[in-house]
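What follows is one structure encoded as structure tokens, with my remarks underneath.
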Amino acid sequence: MADLDDLREGVNFGLGVADTQRRSFHVKGAGNLAWGMKDRLSRIFNPKTGKAVMLAFDHGFIMGPTSGLERIDLNIVPLIEYADCLMCTRGILRSTIPADTTKPICLRSDAGTSVLTELNDNVLIDIEDAIRLNVSAMAVMLAIGEEAHEAQTVANLYRAVDLASRYDIPVMGVTAVGKQMARDARYFGLASRICAENGANIVKTYYCEGFEKVAAACPVPVVIAGGKKLPEKEALELCYKAVNDGAAGVDMGRNVFQSSSPVAMIQAVHAVVHQGITPEQGYELFLDLSK
Ligand code: 5RP
């Protein structure tokens with residue numbers, strides 16, 4: 001085992017230096033992967049911009065009918081056309097998402113409990129069910145720094161990568177934020193890197209000060225969660241800063257579906273992520289589309 005007593009903080013992140021391995025493919029870290037992997041990743045990350053707006057609405061698997069997700073048919077189905085990818089559970093996918101949507105699916109592939117929240121992940125979906133659902137990625141959570149759950153969730157990610165890679169299905173590692181975990185670049189950098197080192201092809205984490213180091217040191221694309229609902233302009237600033245600091249997009253939930261106008265908000269987020277418009281322009285767009 002490596003000597004953890006001499007664990008030195010990384011200092012040289014090559015900020016401002018483009019990833020030298022990304023010449024051949026638009027998704028970071030995917031240049032060496034097989035055709036099936038590249039095809040699925042290209043359904044999620046737009047080949048022209050290299051970015052993605054993923055719409056996360058898996059919250060009900062631990063939160064039940066939380067605000068904005070009471071009726072997926074009414075709340076989420078109208079947003080599908082504006083999202084690049086849908087992140088949800090198999091229950092919602094089968095019951096409520098029209099099967100003729102051509103949007104790629106990032107399937108929530110582990111389980112949580114309402115008691116211990118999602119840090120209790122120790123279940124992985126049957127790979128055959130993920131194949132039947134024709135998913136483009138599988139999402140699994142990692143609870144780094146959570147003594148009671150870290151090993152279990154790392155094992156779960158390992159299992160997911162072993163199974164999914166047999167069928168060229170990418171895996172997205174989702175970094176948890178527990179009560180004891182600091183929300184800083186050191187923590188998110190550690191958690192993101194551990195996801196990637198254990199085989200995740202995409203990492204979902206949170207934006208923080210120093211995020212450029214988190215993104216630079218992660219060898220696969222990082223998308224950010226939106227977190228709790230913010231005023232729309234602040235949420236658009238979050239998207240702008242994240243992409244500017246190296247995120248390959250967002251996997252956002254509450255800041256879209258809890259917005260006063262979710263259809264306007266997802267389009268504004270899309271324009272910030274893919275067109276690089278400023279948060280101010282994005283907010284104007286949001287206001288215009290909300291009328
Ligand atoms: C954590 C997730 C959720 O989908 C995530 O929290 C995204 O949603 P939000 O933008 O509302 O934070 O992956 O398990």
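The values are calculated or read from the model by the stated rules, or taken from the named source; none is laboratory data. This one's a predicted model, so the numbers in the text were calculated from it and none came from an experiment. Methodologically, a virtual Cβ is constructed for each residue, glycine included, from the backbone with ideal geometry; neighbour enumeration extends over all protein chains shown.
For region 201-220, which positions are more than 16 Å from the ligand (Cβ to nearest atom) and at negative phi?
Within region 201-220, 209, 212, 213, 214, 215, 216, 217, 218, 219, 220 qualify.
For every residue, the table says whether it meets (1) more than 20 Å from residue 192 (Cβ to Cβ); (2) buried (at least 22 other Cβ atoms within 10 Å of the Cβ); (3) within 19 Å of the chain's Cα centre (by Cα); (4) among the polar types (S, T, N, Q).
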residue: 100; (1), (2), (3), (4): yes, no, no, no
residue: 106; (1), (2), (3), (4): no, yes, yes, no
residue: 113; (1), (2), (3), (4): yes, no, no, yes
residue: 138; (1), (2), (3), (4): no, yes, yes, no
residue: 143; (1), (2), (3), (4): no, yes, yes, no
residue: 149; (1), (2), (3), (4): no, yes, no, no
- Item | Of the criteria (1) away from the ligand (no atom under 16 Å from the Cβ); (2) out of contact with any helix residue (DSSP H, G or I) (no Cβ under 7 Å at 6 or more places or on another chain), which one residue 153 fails | (1)
- Query: Of 13, 25, 45, which residue is within 21 Å of residue 86 (Cβ to Cβ) and of a type in the set (Phe, Trp, Tyr)?
  - Reply: 45
- Message: Of the conditions (1) in a helix (DSSP H, G or I); (2) more than 12 Å from the ligand (Cβ to nearest atom), residue 65 satisfies every one except a single condition; which number is it?
- Response: (1)
- Query: Across region 125-147, what is the total count of residues that are out of contact with any strand residue (DSSP E or B) (no Cβ under 8 Å at 6 or more places or on another chain) and either within 14 Å of the ligand (Cβ to nearest atom) or at pLDDT 95 or above (or both)?
  - Reply: 8
- Task: Could you please give the count of residues in region 38-62 that are more than 15 Å from the ligand (Cβ to nearest atom) and in contact with a strand residue (DSSP E or B) (Cβ under 6 Å, 6 or more places away or on another chain)?
- Result: 2
- Among the residues of region 221-238, write down those that are more than 11 Å from the ligand (Cβ to nearest atom), crowded, with 24+ Cβ neighbours inside 10 Å and more than 10 Å from the chain's Cα centre (by Cα). 236
- Has region 82-101 got at least one residue that is modelled with pLDDT under 95 and in a helix (DSSP H, G or I)? no
- Of the residues 264, 271, 248, which is within 16 Å of the ligand (Cβ to nearest atom) and at pLDDT 95 or above? 248
